[in-house]
Amino acid sequence: MTPGHRAPLFLSAVVGCHQQWLTSCTIDYIRFRTMPIVDRTVSLADRYPLWSGLVVFCLQIGVRGPGLGQSALWLDESLSLLRTNFSTQHLLRFSATNENPPAYNLMLSAWVELFGLTETGARSLSLLASALAGVFLFLLARRFFSAEVAVLASLLYLDAGMVLNYAQEARSYSLVLLLCVVSFYVYFALLERPSVWRAAILSVVNALAVYTHFTVAIAFLAQLVGLAAVRPPARTAGLYIVSQIAAVGLFSPWIPVLVDRAPVPGVYWLGPPGRAQLLDAIVQLGGGPAAVAAEAGLVVVGAWILMLRGVDHRGLGPRVFALAWWGIASVLLCFVIAQWTPIFLPRYVLFALPGITLLTAVMLEVAVPSRAWRWAAGIALAVSSFMHADLSALPKPDWRVVSAVVQDLRRENDLVFVSPPSGCPTFGFYFDRASFLGPQKLVRGLRAQGVHCVEQVPDLGATRWGRPEAIVLVLKPNSKIDVDATARDRGYRVTSERAIDRVRVVSLARAT
């Protein structure tokens, strides 16, 4: 071997030793400096679960609360807020013709009455639901697994990028998250100590969850599978089955709506997912590619260890089996169902994230005997998830800036055309808040100010338009308007154009 080849090998050896030394130092630091804190935290979590749950709640608010109203609303949020002005009967009638069930919109309507029709006021409901989900996840893990699993699961959930993003959106997903975690808490409690009131609570929570978002029903199949794995006494199984029959009964008024409004490929805006979409959802839920690989390894090793231990049917194994169905199988099942009715997006299966989080925490305890290594791995997974928060962040044009630019550009009697019409709710929220009292009132209010929501700019030579001196076009990326053709065909010329987060604001002046 030549000296030129020895040098890279020597450097590789040095780097490898350096990395091994660095890892060793990190573990030593965790063992001697951090582990006393960890031990104390786990001990307090075990002795004072309610007070520890309060700490978890405060940490959730502290991490996810800052910047709650910083970003502008996006389309789905503005539509949610637009419906808060409906009466209860009107909202129920509207939901019967829409893909979204009514529970979240009903709750949001009452919420904004108390906290205001603002970004912060509307999103604070999601923030609260997300934080409470963290509390119930902690309590579930502590009661049915261990205090250390509870602290590890809380750490992983606290830094989950998907949870962070949807805790700051005025949408139903954080509320679904909360109801799903509460459901599994009551479910495990029912299996542990069966009672009629626990079965009644479970039926109400499950029905309310499905009234919030249809896809969460897939998660509840994990409870049925878990029941088969646990093989409880006949009374316990009977109470659970009756509770789910009651849940279906509570939801039965909406079953015809669900069947009638089920998305159809080629008609609904979302199509059947492919393998890329499945992989994207798994990576988002798991907290990044490296975290997903590590979590998969933990699950495999942990499952192997549990099988070697021969855990009996009343031990840890059946609960872990239920978690695996909740966190993993429910996502895969949703993907399969979506081949016939397109219902698969990462946010639609956010309900699986607590199952993945709890399963990971349990497998860390099972598969990693050293507490120092266990916590090093847990911290690394939490950091990875936090660093990959942008994976689930949707692109959101700043409609506040768009509205301000339009107001600066237009003069009295100038017309504004927003294309496509789906951009009007969000644009209208910032352009004319006084008219933001429902879809029809918003359209009328915008028209009174010369703002029109269109697919194509109409013939401006018609009498009703008054031959304006200038017009302003607000164009989203999917707009069908050809600016050059529009200007040429209607006797206008482009005077300015500005791009704001992919939204184009174009000014046209009448050609001389």
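Computed values, structure above
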quantity: Label-to-label distance, nm, for residues given as LEU279 and ASP501 (7 Å Cα→Cβ offset); calculated: 3.0 nm
quantity: Cα gyration tensor category, rounded, prolate or oblate, for the stretch 138-230 with a/c compared to 1.5; calculated: oblate
quantity: Dipole axis of the stretch 355-462 (+1 Lys, Arg; -1 Asp, Glu on Cβ), positive-most option in MET387, TYR430, SER419; calculated: MET387
quantity: Potential lengthening between ASP390 and LEU333 on full extension [0.36 nm per residue; Cα-Cα distance subtracted]; calculated: 18.0 nm
quantity: Under 14 Å, Cβ to Cβ, from SER385 - net charge with Lys/Arg +1 and Asp/Glu -1; calculated: -2
quantity: Mean separation of Cα contacts under 8 Å, 6 or more apart, over the residue count of the stretch 395-512: relative contact order %; calculated: 30 percent
quantity: Computed magnitude of the charge dipole of the chain (debye, nearest 20; Cβ of K, R +1, Cβ of D, E -1); calculated: 380 debye
quantity: Positive-end residue of LEU50, PRO272, ALA324, charge dipole of the chain with Cβ unit charges; calculated: LEU50
quantity: Nearby aspartates and glutamates by direct alpha-carbon distance to LYS396 (threshold 16 angstrom, same-chain neighbours under 8 apart not counted); calculated: ASP76, GLU77, GLU119, GLU169, ASP501
quantity: Vicinal HN-Hα couplings computed from phi for the stretch 453-463 (Karplus, 6.51 cos²θ - 1.76 cosθ + 1.60; Hz; Gly/Pro x); calculated: 9, 9, 7, 9, 5, x, 5, 6, x, 5, 4
quantity: Label-point gap, in nm, between GLN449 and LEU54 - each point 7 angstrom along Cα→Cβ; calculated: 4.6 nm
quantity: For the chain: relative contact order, % (alpha-carbon pairs under 8 angstrom, 6 or more apart); calculated: 16 percent
quantity: Dipole magnitude (debye, nearest 20) for the stretch 183-318, charges at Cβ of Lys, Arg, Asp, Glu; calculated: 360 debye
quantity: Cα gyration tensor shape for the stretch 180-243, rounded if a/c is under 1.5, else prolate or oblate; calculated: prolate
quantity: Helix-only [θ]222 nm of the chain, DSSP H runs n ≥ 4, -39500 (n - 2.57) each, per residue, nearest 500; calculated: -20000 deg cm²/dmol
quantity: Cα-based helix-to-principal-axis angle, 147-158 vs the chain, degrees rounded to 10; calculated: 20 degrees
quantity: Cβ-defined net charge surrounding GLN456, 15 Å radius [Lys, Arg +1; Asp, Glu -1]; calculated: -1
quantity: Three-way shape call for the stretch 57-212 based on the alpha-carbon gyration tensor, with the a/c threshold at 1.5; calculated: oblate
quantity: Heavy-atom accessible surface of the chain: percent carbon and sulfur, 1.4 Å; calculated: 64 percent
quantity: Using a Förster distance of 22 Å, the FRET efficiency for ALA110-LEU437 (Cβ separation, nearest 0.05); calculated: 0.85
quantity: Dimensionless Rg/Rh of the chain - Kirkwood Rh, Rg from C-alpha atoms; calculated: 1.05
quantity: Derived scalar couplings ³J(HN,Hα) [the stretch 340-347; Karplus, 6.51 cos²θ - 1.76 cosθ + 1.60; whole Hz; x for Gly, Pro]; calculated: 9, 10, x, 10, 10, 9, x, 6
quantity: ALA509/ARG93 FRET efficiency (R0 51 Å; Cβ-Cβ; nearest 0.05); calculated: 0.70
quantity: Virtual paramagnetic centre 7 Å along Cα→Cβ of LEU117, amide N under 11 Å, in the stretch 432-473; calculated: 432-439, 441-442
quantity: Between 0 and 90°, nearest 10: helix 221-230 axis offset from the chain longest Cα axis; calculated: 10 degrees
quantity: Distance (nanometres) between label positions extended 7 Å along Cα→Cβ at VAL300 and ASP484; calculated: 5.5 nm
quantity: Positive dipole terminus of the stretch 77-154, leading residue within PHE145, ALA103, ALA129 (C-beta point charges); calculated: PHE145
quantity: Loop-resident sites, the stretch 440-512, for trypsin sites (Lys or Arg not before Pro), counting at most 16 other Cβ within 10 Å (DSSP); calculated: LYS480, ARG502
quantity: Theoretical FRET efficiency, 1/(1+(r/R0)^6), r = Cβ-Cβ of SER71 and TYR268, R0 30 Å, to 0.05; calculated: 0.65
quantity: Crossing angle, helix 119-144 versus the chain [Cα axis fit, 0-90 degrees, rounded to tens]; calculated: 10 degrees
quantity: Net charge contributed by nearby residues that have their C-beta within less than 13 Å of SER419 (K/R +1, D/E -1); calculated: +1
quantity: Neighbour count of at most 14 Cβ within 10 Å plus DSSP loop: longest GluC sites (Glu not before Pro)-free window in the chain; calculated: 1-411
quantity: Cβ-placed point charges (K, R +1; D, E -1), dipole of the stretch 32-97 about Cα centre in debye, nearest 20; calculated: 80 debye
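The values are calculated or read from the model by the stated rules, or taken from the named source; none is laboratory data. Keep in mind that this is a model prediction, so the values were computed, not measured. Here the Cβ is made from the backbone with ideal geometry for all residues, glycine too, and neighbour counts use every protein chain on show. What goes into the accessible areas is simple: the full protein's heavy atoms, side chains included, and nothing from ligands, DNA or RNA. Shrake-Rupley method; radii C 1.70, N 1.55, O 1.52, S 1.80 Å.
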